[in-house]
1. Any idea what log10 I(q)/I(0) is at q = 0.12, 0.14 Å⁻¹ for region 529-686, Debye with uniform C-alpha scatterers and no solvent?
2. So what is the accessible area of region 647-686 per residue, in Å², with the probe set to 1.4 Å?
3. To the nearest 10 degrees, how steep is helix 643-675 against the longest Cα principal axis of the chain, on a 0 to 90 scale?
4. At 1.4 Å probe size, with the rest of the protein present, what percent of the exposed accessible area of region 274-399 is carbon and sulfur atoms?
5. Dipole of the chain, Cα-centred, from +1 at each Lys and Arg C-beta and -1 at each Asp and Glu C-beta, to the nearest 20 debye?
6. Heavy-atom accessible area of HIS535 with all protein chains present, probe 1.4 Å, nearest 10 Å²?
7. Roughly to the nearest percent, how much of the accessible area of region 93-245 is carbon and sulfur, given a 1.4 Å probe?
8. Compute the Cα gyration tensor for the chain, then decide on rounded, prolate or oblate, letting a ≥ b ≥ c be the square roots of its eigenvalues: rounded whenever a/c is under 1.5, prolate when a/b is larger than b/c in the other cases, and oblate in all that remain.
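The values are calculated or read from the model by the stated rules, or taken from the named source; none is laboratory data. Just so it is clear, the model here is predicted, and its values are computed rather than measured. We place every Cβ from the backbone using ideal geometry, glycine too, and count neighbours over all the protein chains shown. SASA here: full protein model, heavy atoms, side chains in, ligands and nucleic acids out. Shrake-Rupley method; radii C 1.70, N 1.55, O 1.52, S 1.80 Å.
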Amino acid sequence: TEYDDYSCWLQYTSISNREWVEHHQSLLSQIIVLNGSMVVKSAKQELFEAIKSMAGITPTLSNELTSQYGIVLATYKDHPSLTDHLSSEEFQNLNEEGYIITSFHSGSQRQLLIVGKTDIGVLYATFHLLRLIKMEENLDDLYIVESPKNQIRMINEWDNMDGSIERGYAGDSIYYENNRFTGDVDRLKDYARLLSSVGINGVSINNVNVHEIETNLITSRFLPDVARVAEIFRAYGIKTFLSANYASSIQLGGLDTADPLDKNVQECWIEKVKEIYSYIPDFGGFVVKADSEHRPGPFTYNRNHADGANMLARALKPFGGIVFWRCFVYNCLQDWRDRSTDRAKAAYDHFKPLDGEFLDNVVLQIKNGPMDFQVREPVSPLFGSMPNTNQVLEFQVSQEYTGQQKHLCYLVPQWKGVLDFDTYAVGEGATVKRIVNGELYNYQNSGITAVSNIGNDRNWTGHSLAQANFYGYGRLIWNPDLTAEEITEEWIRLTFGNDSEVVASVSSMLLKSWEIYENYTAPLGVGWMVNTDHHYGPNVDGYEYSVWGTYHFADCHGIGVNRTLKDGTGYTGQYFKENKDQYESVETCPDELLLFFHYVPYTHRLKSGVTVIQHIYNTHFEGVEQADKLVEDWKQLEGKIDYTRFGGILNRLQEQAKHSREWRDQINTYFYRKSGINDDLNRKIY
Ligand code: GCU
């Protein structure tokens, strides 16, 4: 078996360390399965195939515990003698999806117990064990206890039924083509394997912008197809969700209104939801983008977002379904001359006053930052500010503003920064991760979701190294306390093998890549500066005189957005005191966010000691050098990585290095011409 880009981190290549294989020979020679559920069947199949191809052993399968050796797959309830070995307390402490992996030695019996609290835990534990095998860890004396820290661990596809993917950079949809389902069961099953191997338990399968044909996904025309997708996902512990068109009562129900307080509208949704559950009994629920970027919503009827969300939630409630109601609500028809409106303030202004008004099967879905997945943004002030309303955090794994999977930009360090951010909502330690995992305010439903970065390219993500963002996202939201270094090393070893030079080199490339990308793009937190529409490549004023509320305000004196309470838009006032104070003052505002919060002269000295203009020049020259270095570092690995992946990644890194020059020169030239200030080092600026 050879490395294959398609398999991502589930590379079941044969283990070259024969000593390891011989040592574990008997353990791997038998799989004992004590549970008959679909999900455990998936686990058994995965383990069987993986052992066969990694160790060259064909395990025998049995349902009996009597055998001497083997790996036992069971839930806590299936195993008669488990209570002798593990206390029930250990299991009580697990949450529903948790598991224990433990070696069991008794007399001459040598077994490895893979025990889930429920069947999904068995599958997660199996993937955990397979990671250990691939990394050639010793399996003799294991005792591993794991429970996911977040209850909702989700992916949002932005796929349209014509096969295109909004903000997709890795080919077309794996779900749809030509306004039909592709029916590619194998691809979907392999996707489900990838998802569940990193613990994802929910997927919404269509774009949040629900266009005409996709509105019909909740009708008998397409529900049988949705049910088939749900069936594939179900075997891997993944629930299926749909993005719904808020105005479906008009488009599908034949009504002339979508007023959430109208009895007919409510009735229409109740019937609709019943119908959906008749096809998919464990349907997850809806993701809704309402009153956002021209999507319909309750505002049309002078109702608020709680009215809209609750109307859907009431229909879903009897079936256990959830509404993810997105908070990406702002005025996208702003007059750029208007300095009093600040897009960053919009989500908080709309939603904070509604705290406590949402039903408990509504979850507000909040992007990590107040703008839109920029390379650098502060954390959304909505986190922590709504103690009585369920929240999920939304990340973007797809690299819309971070190089579109042509550039290397590994986002785990950025996400960790968000999760570790202290909101001070209830004093020190009120980190975002403790809010979205439900701990701080005892949320009923909470967790993390993200926009997917996959498509039907053979390697799923276009750039093979962008697979690390998919993997890292899943692992990090399973346990936000894992370090970026741990996750990164794990991914590399699973994806490329255990060669220490490969691990060290790829790890350093990945971990530096976000900073590198930031260096040659928009400086100091100001964001944007991209081409409009597709968002790839530099265009400093691309969004400056537009309707989108995304401005940097550069003039001949300085640059940045004054968002202070004192004399700016007042956005800083949306944070709790400690953060408000820090951001409010130029002296204490962190350098990397300075231009997000303040307008400053080009000669303003940063905490780093250099002026803003010199910082812009320095980072842009440095960013290009660093992008060149990525190419050099990668070339060093020639011969250690299979031909296909080596070449594919090299091409992308070279494209990045070339394109980084375009960024450097446009940004440096723009600011040189605006400011008239020379580079201290007299480097070439056009
Ligand atoms: C961004 C993105 C859109 C997307 C929107 C959203 O604005 O560019 O394509 O629809 O976010 O999150 O709804």
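1. With one equal scatterer per Cα and no solvent, log10 I(q)/I(0) is -0.67, -0.84.
2. It amounts to 56 Å² per residue over region 647-686.
3. Once rounded, one gets 20 degrees.
4. Here it works out to 47 percent.
5. In debye, rounded to 20, the chain gives about 520.
6. Around 20 Å² of this residue is reachable by solvent.
7. 43
8. oblate
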